Structure formats: structure tokens, C-alpha cells
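Student: Let me begin by handing over the structure; questions about it come next.
The values are calculated or read from the model by the stated rules, or taken from the named source; none is laboratory data. Every value quoted in this text rests on a predicted model; they were computed, and no experiment measured them. FYI the Cβ positions are ideal-geometry reconstructions off the backbone, even for glycines, and counts take in every protein chain you see.
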Amino acid sequence: MFRTLGNTWQITKLSWRVLQQDRELIFFPIMGTLGAAAVGAIVAAVFYGSGTFDRLGSGETEFSGVDLAIALLAYFGSLFIVIFCNAALIAAARERLEGGDPNIASGIRAVRGLWLTILGWTLITGTVGLILQALQSMARENSHGVMRIVAMIVVALLQTAWAYITFFVIPVLVVERIGPISAIRRSSSLLRQSWGEQLTASFSFFIIYLLALLVVAIPVVVLVFVWPVGAIIVGVILGGIAVASVAAMEGIFKAALYEWVSEGKGSEWFDQQLLTNAYSLKQ
């Protein structure tokens with residue numbers, strides 16, 4: 001596992017250096033978010049045009065079968081776009097780590113033949129996500145007192161376990177070109193070697209997300225007193241750039257960690273000595 005948080009910070013800084021070489025990598029998270037938002041906007045327009053919002057607002061009816069089908073299609077469609085863009089990010093990051101010069105086109109080109117595999121993974125992880133959300137709602141609404149707390153903790157543990165078991169699924173899909181079920185098994189086997197790294201990296205990037213948003217909040221708070229509308233605009237733009245930058249760094253980090261854990265090799269950016277000092281893998 002990571003021996004110190006300092007090692008994590010060192011590799012995070014290297015991820016930032018890689019991103020500076022290929023700044024266009026931040027467009028993959030941005031494209032994923034915009035694509036998902038576009039799907040949501042289309043569905044909202046459909047619901048508005050069909051009167052679904054009016055019917056739901058009046059309290060006279062619930063979702064019809066057609067409404068539910070449209071909502072599920074939007075959910076899985078937006079999730080597919082996000083996962084596809086994440087896969088393209090991993091592919092582009094891996095190209096840079098191996099000495100190439102990636103761009104948006106090369107990242108998309110590397111994964112465009114995997115759309116069916118990515119669709120399969122989308123259906124699996126999306127379904128698991130819905131089940132976990134349903135369990136969370138049941139725990140919150142159908143239990144009380146200590147039992148409610150216990151149920152919420154159990155669901156949170158299940159969500160965490162799923163996140164870690166599937167940590168390497170997208171890199172495995174991109175590099176090893178296997179099906180989603182096999183990718184889950186492969187990711188699970190890599191987890192046994194790198195659970196400490198995953199845990200520390202997840203915590204570290206969570207802190208980095210918070211710090212990035214905190215930095216963005218400073219000019220936004222100042223602008224609120226001068227130009228409220230401008231504060232919203234600046235907040236959305238700077239917040240989007242900050243989150244996309246950290247997401248791109250996380251993708252670079254995950255690509256480097258996958259190569260080290262699965263193949264035991266570094267790169268000109270993440271050299272073998274650094275990774276050896278940072279990781280203590282259990283074989």
C-alpha cells in the first residue's frame with residue numbers, strides 16, 4: 001500500500017505534469033458531463049411536451065410504463081456516454097505514459113471498437129447502482145433508530161466494496177479487450193494486490209476535489225457581492241474546469257497504477273523507482 005500520504009501527493013503532482021503535456025485530456029470528462037446533460041435535457045423536453053411534469057406535479061398519477069422506460073433509457077444512455085469518455089481518457093493517458101502524443105481523436109479511436117463491451121459494462125454497473133440506491137432508500141424509509149443506522153452502514157459498505165472491486169474495470173476493458181464480466185473478475189484479482197493504493201488514492205483525490213472547489217469558491221464568493229449573475233457564470237465555468245482537471249488527473253493516475261500493478265512497469269513519468277518506493281504490493 002502507500003507507505004505515506006507524501007508518496008500519494010508526489011504521484012498526484014506527476015499526474016498534473018502529465019496533464020500539462022496534454023491539456024486536452026480534460027475535455028474527456030467535460031464531454032462526458034455535457035453528453036449526459038444533453039441526454040437529460042432531451043428527456044426533460046420529452047416529459048414537458050408529453051405533459052408528464054404536469055401530471056406528476058398535480059399528484060394525480062405516477063410514472064407510467066412509457067415514462068419509466070424513457071427515464072431508464074436516459075439513465076443508461078447518459079451513463080454510457082460518461083463511461084465511454086472515461087475509457088477514452090484512460091486510453092489517451094496510457095498512450096502518453098508509453099511515450100506517445102495523444103489527443104482527443106486518438107483517445108476516441110482507441111475505444112471506438114469497444115462500444116458493445118462498454119455498453120455491457122454500462123448495463124451491469126448501472127443496474128447495480130440502481131439496486132444499491134433502492135436498498136439505500138429502503139434502509140432510510142423502512143427502518144428506525146439503531147436498525148436504520150445499521151442498515152445505512154451496510155448499504156454504504158456494499159457501495160464501497162463495489163467501487164473497489166470494479167476500480168480497474170475500465171483500464172482492463174481498454175487494455176485487455178475482454179468482456180465486462182471477465183473484467184470484473186480481473187479487477188477483483190488486481191484489488192487483492194493493490195487495495196491499499198486504491199484506498200489511499202481515493203481518499204487523496206477526494207481531498208483534491210475539495211481543495212479545487214474551495215479555490216474556485218474564493219472568487220465566486222467575492223463576485224456574489226459585486227455581480228451575482230457573473231458569480232454563477234464564473235462558478236460554473238471555473239468549477240467545471242477544476243473538476244474536469246482533477247478527473248483527468250485521476251484517470252492518468254489510474255492508468256499508471258494499472259500498468260504497475262498488472263505489468264510491474266513504470267514510464268518516463270512514473271519511473272519504476274518512484275513506484276517501487278510508493279507501493280508495497282502483495283503478491
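Student: Pick out, from the stretch 101-195, the helices (runs of 4 or more DSSP H) lying fully within it that include 3 or more residues that are in contact with a Phe, Trp or Tyr (Cβ under 8 Å, 6 or more places away or on another chain).
Tutor: 104-111, 115-141, 169-176
Student: State which residue is modelled with the lowest pLDDT when the search covers only the stretch 42-94 and only residues that are among the charged types (D, E, K, R) and either more than 30 Å from Val18 (Cα to Cα) or over 21 Å from the mean Cα position of the chain (by Cα) (or both).
Tutor: Glu60
Student: Can you pull out the residues in the stretch 72-124 that are of a type in the set (S, T, N, Q) and more than 21 Å from Val246 (Cβ to Cβ)?
Tutor: Correct list: Ser106, Thr117, Thr122.
Student: Next up: Is it fair to say Ile149 is more than 20 Å from the chain's Cα centre (by Cα) and among the hydrophobic types (A, V, I, L, M, F, W, C)?
Tutor: Working: more than 20 Å from the chain's Cα centre (by Cα): yes; among the hydrophobic types (A, V, I, L, M, F, W, C): yes.
So Ile149 fits the description; yes.
Student: Taking Leu173, is it free of Cβ contacts under 8 Å to residues at least 24 places away in the same chain, on the phi < 0 side of the Ramachandran plot and either out of contact with any His (no Cβ under 8 Å at 6 or more places or on another chain) or not β-branched (Val, Ile, Thr) (or both)?
Tutor: Taking the combined requirement at face value, the residue does not satisfy it.
Student: List the residue pairs whose Cβ atoms are under 8 Å apart, where the first residue sits in the stretch 5-23 and is surrounded by 19 or more Cβ atoms within 10 Å (Cβ to Cβ) and modelled with pLDDT of 70 or more, the second is among the acidic types (Asp, Glu) and outside any helix (DSSP H, G or I), and the two are 6 or more positions apart or on different chains.
Tutor: As it stands, the answer is Asp22/Asp101, since those pairs meet every condition given.
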